[in-house]
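Heads up, the thing below is written out as structure tokens.
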Amino acid sequence: MAQDKFPKELRENNDIDLDEKESEFYYALGHDLRRKIIKIIGENEYSSFTSLKKQLEVSTGTIYHHLETLSKLIGQKKNKKYYLTDLGLVAYNSLQNNIKIIETPELDGKELRMPLFAEISDFLLKNTIKFEKRSKIYSFIIVFGFLIGGFIFCELNRSYSILLFFRRFENFEVPIFYGVSFLLNFIVFYFLIEAMSRIIYGNYTNSKIFLRSFPIVFFPILLYLVIDWLFLISGIIDNTFGYLINKMLMIFLQACSIWVLSYTLNRIKEIKMESGLIIGLLIYLSGFIIILFASL
């Protein structure tokens, strides 16, 4: 973008590196919700998180995500109040002067909402997005909690994992085989999603943040592993009705994982919910085909 099209205040501000800040400036103003955040803080000189949530009427996770994106434009004081940095003030003045900004599609997460999983995902995303700040301990608990939980319950259930599917293989006696299969599956799953995001939608953004948030996708699957273990130790799985209920729960929670995946892609990589669902369904179909051929 030519420098003469860049806001005059930013070109004249010696404290701001133009080459370093230009893309961040336009990217930040390229989303309606981020523009609203800047306007709210600019009009009031500062704002609390509670005030932002009340005025914006969106989920907690959504606000945290956009505040993270606006980290160069918005700072936070010791009293937790948010204020505009020098670059943020330039952005606010630009909005006040109606400078034309290229807008991106709305990604407010209201599409295809599942309220319960949305709230859980927002809570988990809030803590993983802030991985490098004071909530680091919560991030470790969330990330490693899911991975260790999956490892343990795959071992208890004697099930190995293929994407979103689990298959019991009780006669295989190699130590920790099932738990390791879960961890390897997690790695393969992440790289498949990241590759599809790049190949299909050309989205290369926030890969590291997406990686540390990725265990959230396995929350419904971990819930299924716990239920499967309870069915197993209680003997419910041994009768036809119990077996059918188990499989129905697996399909339902697989669908929930696909939804959480698309929700996470929406929050972290700003991919539309529908586009995220397409990626999730392609992964689901791939896992089903693998299981089908393995059963022949």
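The values are calculated or read from the model by the stated rules, or taken from the named source; none is laboratory data. Keep in mind it's a predicted model, so treat the numbers as computed, not measured. For neighbour counting, all protein chains shown are included, and Cβ atoms are generated from backbone atoms with ideal geometry for every residue, glycine included.
Going through F191, F182 one at a time, which residue ends up being closer than 21 Å to E274 by Cα and hydrophobic (A, V, I, L, M, F, W, C)?
Within the list F191, F182, the selection yields F191.
State whether one or more residues within segment 52-63 are at pLDDT below 85, surrounded by 18 or more Cβ atoms within 10 Å (Cβ to Cβ), part of a helix (DSSP H, G or I) and of a type in the set (A, V, I, L, M).
The answer is yes, given that some residue of segment 52-63 is at pLDDT below 85, surrounded by 18 or more Cβ atoms within 10 Å (Cβ to Cβ), part of a helix (DSSP H, G or I) and of a type in the set (A, V, I, L, M).
I'd like the residue in segment 202-216 that is crowded, with 17+ Cβ neighbours inside 10 Å and not hydrophobic (A, V, I, L, M, F, W, C) and, out of all such residues, is nearest to G276 (Cα to Cα).
So the residue we want is N203.
Can you name the number of the only condition in (1) under 20 Å from I63 (Cβ atoms); (2) in contact with a strand residue (DSSP E or B) (Cβ under 9 Å, 6 or more places away or on another chain); (3) of a type in the set (A, V, I, L, M) that I271 fails?
(2)
Can you work out which of the residues in segment 136-183 that are of a type in the set (V, I, T), modelled with pLDDT under 85 and more than 16 Å from I216 (Cβ to Cβ) is surrounded by the fewest Cβ atoms within 10 Å (Cβ to Cβ)?
Selected residue: V174.
Only residues in segment 156-183 that are at positive phi count as the first member; pair them with residues that are among the aromatic types (F, W, Y) and part of a loop (DSSP other than H, G, I, E, B), Cβ under 9 angstrom, at least 6 apart or cross-chain, and list the lot.
Taking only residues 6 or more apart or on different chains, the pairs are R158/F169; R158/F172.
Only residues that are part of a loop (DSSP other than H, G, I, E, B) and within 24 Å of the chain's Cα centre (by Cα): list them for segment 64-79, please. Talk me through it step by step, then tell me what you get.
Of all residues in segment 64-79, those part of a loop (DSSP other than H, G, I, E, B) come to 70-73, 77-79.
Listed by number, the residues that qualify are L70, S71, K72, L73.
For a quick check of your reading of the model, give me the residue pairs whose first member lies in segment 276-296 and is assigned by TED's automatic domain parsing to the domain that holds L192, whose second is hydroxyl-bearing (S, T, Y) and surrounded by 15 or more Cβ atoms within 10 Å (Cβ to Cβ), with beta-carbon atoms closer than 6 Å and at least 6 apart or on different chains.
Partner pairs satisfying both residue conditions: G276/S262; L277/S262; G280/S262.
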